[in-house]
Amino acid sequence: MDEPPAVFSYLACLFLVHAYNSAMAKPRKKLPTRSVNISCAACKTLLYKYRKGGKGALVKCFVERITEDQTTKAGVCPQCEQTFARETMIRGAPAFKIIGGKVTVK
Ligand SMILES: [Zn+2]
């Protein structure tokens with residue numbers, strides 16, 4: 001009589017499985033090896049060194065792929081104080097959404 005209803009153990013189990021999966025199923029793909037310099041388009045100050053995957057324009061960058069961070073305020077150029085990116089979350093990972101035309105990538 002004092003055993004908890006089975007549904008509770010079932011829910012607790014579901015919750016644990018979910019917690020485990022979200023902890024383990026993080027995108028742990030191999031990081032791209034190509035590193036690019038992201039600079040402010042206005043004053044050419046280096047902002048980030050970044051491991052960029054794929055080709056094409058940089059529209060977002062994942063915080064975990066930034067290898068060198070020269071900024072003092074997230075998304076703001078330390079030199080001319082122009083905002084070049086906004087903080088966001090992409091599939092649960094913190095990232096920056098680059099504002100079009102505010103940075104150059106080399
Ligand atoms: Zn700048």
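The values are calculated or read from the model by the stated rules, or taken from the named source; none is laboratory data. Given the structure is predicted, the values throughout are model-derived calculations rather than measurements. Positions of Cβ are backbone-derived with ideal geometry, glycine not excepted, and every protein chain shown enters the neighbour counts.
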Failed item, numbered, when Arg91 is tested on (1) more than 12 Å from the chain's Cα centre (by Cα); (2) modelled with pLDDT under 95: (1)
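Being under 16 Å from the mean Cα position of the chain (by Cα) and among the basic types (Lys, Arg) is the filter; apply it to the range 52-72 and report the residue that is modelled with the highest pLDDT. If you could, list the steps in order and put the result at the bottom.
Start the filter on the range 52-72 by keeping residues that are under 16 Å from the mean Cα position of the chain (by Cα), which leaves 52-54, 58-69, 71.
With the extra rule that they be among the basic types (Lys, Arg), the set shrinks to 52, 60, 65.
Numbers: Lys52: 92, Lys60: 92, Arg65: 95.
The qualifying residue modelled with the highest pLDDT is Arg65.
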Kindly provide the set of residues from the range 58-89 that are within 15 Å of the ligand (Cβ to nearest atom), charged (D, E, K, R) and not in a strand (DSSP E or B), ordered by number. Glu81
Can you work out which of the residues in the range 38-56 that are in contact (Cβ under 8 Å) with a residue 24 or more places away in the chain and assigned to a loop (DSSP other than H, G, I, E, B) is farthest from Val76 (Cα to Cα)? Lys52
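Among the listed residues Phe62, Phe84, which satisfies the condition of being of a type in the set (Phe, Trp, Tyr), in contact (Cβ under 8 Å) with a residue 40 or more places away in the chain and either crowded, with 17+ Cβ neighbours inside 10 Å or under 12 Å from Ala42 (Cβ atoms) (or both)?
Values: Phe62 fails: in contact (Cβ under 8 Å) with a residue 40 or more places away in the chain.
Only one candidate qualifies: Phe84.
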